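A.B. asks: Got a structure for you, questions after.
The values are calculated or read from the model by the stated rules, or taken from the named source; none is laboratory data. No experiment lies behind these values; they were computed from the predicted model shown. Glycine also receives a Cβ, built like all others from the backbone with ideal geometry; neighbour counts cover every protein chain displayed. Each accessible area value is taken on the protein alone, full model and side chains, heavy atoms only, with ligands, DNA and RNA left out. Shrake-Rupley method; radii C 1.70, N 1.55, O 1.52, S 1.80 Å.
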Amino acid sequence: MAQAAALGSVAALGRGFTQLDNARKLGLLAGLAAIVAIAAVLLMYGRTPEYRVLFANVNDRDGGAIVGALSQMNVPYRMADGGGAILVPDNVVYETRLKLAAQGLPKGGGVGFELMENQKFGTSQFVEQVNYQRALEGELARTVQAVASVEAARVHLAIPRPSVFVRDTQKPSASVMLQTAPGRTLDAAQVAGIVHLVSSSVPELSPRAVTVVDQAGNLLTTPADGDGPGRIGLDATQIKYVQGLEATIAGRIESILRPITGPENVRAQVAASLDFSESEQTSETWKPNADPKDQAVRSQQVAETSTPSPVAPAPLGIPGALSNTPPGAGTAPIVAPVPPQTNPQAARPGQNAAAGAAAAPVVAPPPPPATTRDQTINYELDKTIRHTRNETGVVKRLSVAVVVNYRRTTDNAGKPKLEPLSEKELAQVTDLAREAMGFDKARGDSLNVVNAPFLGAGEVLEGASPWKDVVGELTSPASVATIGKWVVVVALLLVIVFAVIRPILRDLAQSGRRPPELPPMTLPDPAQPPGTVMINGVAVPVNQAVGGTYGKAGMDAAEEAYEADLKAVRDIAQQDPRIVAQVVKDWVGRDE
């Protein structure tokens, strides 16, 4: 049934189109062609991809090379910012970047170490040093541009000439000019990373000698980025250490209380105060002198000198022949007497033993020799040397806050309700939290445990929408622009369809279903033979009129019109015969 109706509608449209004259046919075809062209343009506009920046701030040389490479890869592109930025469709941005990077594009405003590849023969040492510095600056700029928020970078190095004199030695310095992406900024950690990256790439370059400035002239480096006595505040590493320590202590408290309170029923926050100051101390102490027996001998020196008496003994004895007589044979006594000291000059040759024995000289004892003894003993000193370097990051104070949810129970009717913890249970929770945090009263730590009802995690999750991520994706600026573009395209297409195309088709269908427009007819003339009609005041047979003027398509319509006219005349004659009589009278008078 529906198919037959559709075929009938199509046939009606065809008949309606054939009934139009040539001018209207041409106008209708031109209008339909224009509508189709507009719809095609709108669809192409809707399907046109969004263009994104491929490279920005490119110089003329790199821009020409990139455009040539894009033409070879058949990638459409656009120019923006006076040729300083190249845009490509967003669906091929990353692929195109990778392909261009494989070709070494863009090379950037500065040159890298490829400058050292084409060294000419006879280049002086000064030129080589300048080229090396230029290459190092270019490589550092390329490395800094790899940061996500940085679009362009320039690095200037001030490297002094080496000197053989220490007093004339100068330290190098560096300055970095950054251009950030629109709407992007660099945080302190990223700036510190760039500073340390540049300082680590140049020998003897201190981080304090690196200056970072953005495109607006804002100084991004502070004394906190360097090291030494000028540093103020905490750097990114120290802040991260403090946050990690606080998270660790809070996690330990929650993990030990979770089995008691249940999951999602305890929250802990920790505020840690740490001391990052660095100090060194060296001290020497001596104890009082102890007993030598308890001391260790370090060194000992003994010096002993013996000096004989300077005065010789006087000669003694009896002069004569007996003194010159040699002594007799000696005998070994049982006890050897101490031999007296005799004067060798007192003896005389030829002196007999008896005479000698009888004339034994009397000898005086010699004086004892002079003896000197020096002794030096060195003991070890009781000395203590202590070198102390205080550890950085020492915890000065901990402040901990713990919130425990009410216990969930049911009443007599079986409905859930919340009850606070008892004092005993709250005391147990406090003791566990105190032990988990490492509470130290002498350090001034504080702990506050509160038992209060709070919104359950299950209720929060039930209220959360699972389409949150989808909504966030759809409400992004890029998605809103794309959706708005398609809404405009669809709205215009609907306007064209319902305001232009549909009325035209409806009129054609209705004109195809209506009988064709016939020339004006009059009432049949009684004087004319039956089966004739009056067309423009002339009686024409119906068959001739249908076959000649109207064609086969209008035969049924002409006959129906003739029958309708006859019926109308009969009705008028029956209702008001006077009108018919007047008409007949007029006919008779016209014939006369």
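A.B. asks: What residues qualify as long-range amide H neighbours of Ser149, i.e. H under 5 Å apart, gap of 5 or more or another chain, H built at 1.01 Å from N?
C.D. replies: none
A.B. asks: Can you compute the FRET efficiency between Tyr94 and Lys120 using 1/(1 + (r/R0)^6), with r the Cβ-Cβ distance and R0 = 41 Å? Round to the nearest 0.05.
C.D. replies: Plugging the Cβ-Cβ distance into 1/(1 + (r/R0)^6) gives 0.55.
A.B. asks: If you roll a 1.4 Å probe over the range 373-415 with all protein chains in place, what percent of the accessible area is carbon or sulfur?
C.D. replies: 43
A.B. asks: Quick check: pseudo-label points 7 Å beyond the Cα along Cα→Cβ at Thr392 and Ser206, how many nm apart are they?
C.D. replies: 1.5
A.B. asks: For the range 403-415, what does the Karplus curve 6.51 cos²θ - 1.76 cosθ + 1.60, with θ = phi - 60°, yield as ³J(HN,Hα) per residue in whole Hz, taken in order and with x for Gly and Pro?
C.D. replies: Computed from phi, the couplings for the range 403-415 are 10, 10, 6, 5, 7, 8, 9, 10, 8, 5, 7, x, 8 Hz.
A.B. asks: May I ask for the net charge around Asp90, where only other residues with Cβ less than 10 Å from the Cβ of Asp90 are counted and Lys, Arg are +1 while Asp, Glu are -1?
C.D. replies: 0
A.B. asks: Skip the ligands, DNA and RNA, and give the accessible area per residue of the range 403-443 with a 1.4 Å probe, whole Å².
C.D. replies: That works out to 72 Å² per residue.
A.B. asks: Provide the per-residue ³J(HN,Hα) series for the range 265-271, in order, calculated from phi with Karplus coefficients 6.51, -1.76, 1.60 and θ = phi - 60°, each as a whole number of Hz, with x at glycine and proline positions.
C.D. replies: Calculated HN-Hα couplings, in order: 10, 9, 9, 9, 10, 10, 10 Hz.
A.B. asks: While we're here: For the range 114-170, what class follows from the C-alpha gyration tensor (a ≥ b ≥ c being the square roots of its eigenvalues): rounded when a/c is under 1.5, otherwise prolate if a/b is larger than b/c, else oblate?
C.D. replies: Verdict is oblate for the range 114-170.
A.B. asks: Calculate, for the range 52-188, the solvent-accessible area per residue in square angstrom, rolling a 1.4 angstrom probe over the heavy atoms of the protein chains.
C.D. replies: Here the per-residue accessible area is 66 Å².
A.B. asks: Still on this model: If we count every other residue with Cβ under 11 angstrom of His156's Cβ, Lys/Arg +1 and Asp/Glu -1, where does the sum land?
C.D. replies: Local charge sum for His156: +1.
A.B. asks: Another question, then. Between Thr372 and Ala427, 0.36 nm times their residue separation minus their Cα-Cα distance comes to what?
C.D. replies: Result for the pair: 11.3 nm of gain on full extension.
A.B. asks: Right, something else. Could you give the nm distance between label points at Leu493 and Ala69, where each point is 7 Å from its Cα heading toward the beta carbon?
C.D. replies: 3.8
A.B. asks: If you add up the charges near Ser283, with Lys and Arg at +1 and Asp and Glu at -1, over every other residue whose beta carbon is less than 15 angstrom from its beta carbon, what do you get?
C.D. replies: Result for the neighbourhood of Ser283: +1.
A.B. asks: How large is the translational diffusion coefficient of the range 109-204 in µm² per second when you combine the Kirkwood radius over alpha carbon pairs with Stokes-Einstein at 25 °C and 0.890 mPa s?
C.D. replies: D = 164 µm²/s.
A.B. asks: Using a 1.4 Å probe and ignoring any ligands, DNA or RNA, find the accessible area of Thr237 and quote it in Å² to the nearest 10.
C.D. replies: Surface accessible to solvent at Thr237 totals approximately 100 Å².
A.B. asks: Leaving out ligands, DNA and RNA, and with a 1.4 Å probe, what % of the accessible surface on the range 50-193 is carbon or sulfur?
C.D. replies: 52
A.B. asks: For Leu42, what accessible surface area do you get with a 1.4 Å probe? Give it in Å², rounded to 10.
C.D. replies: Using a 1.4 Å probe on the heavy atoms, I get roughly 20 Å².
A.B. asks: Given the whole protein assembly as supplied and a 1.4 Å probe, what does the accessible area of Tyr94 come to in Å², nearest 10?
C.D. replies: 140
A.B. asks: Could I ask something else about it? Using a 1.4 Å probe and counting only protein heavy atoms, arrange Trp587, Trp286, Trp486 so the residue with the most accessible area comes first.
C.D. replies: I get Trp286, Trp486, Trp587, largest accessible area first.
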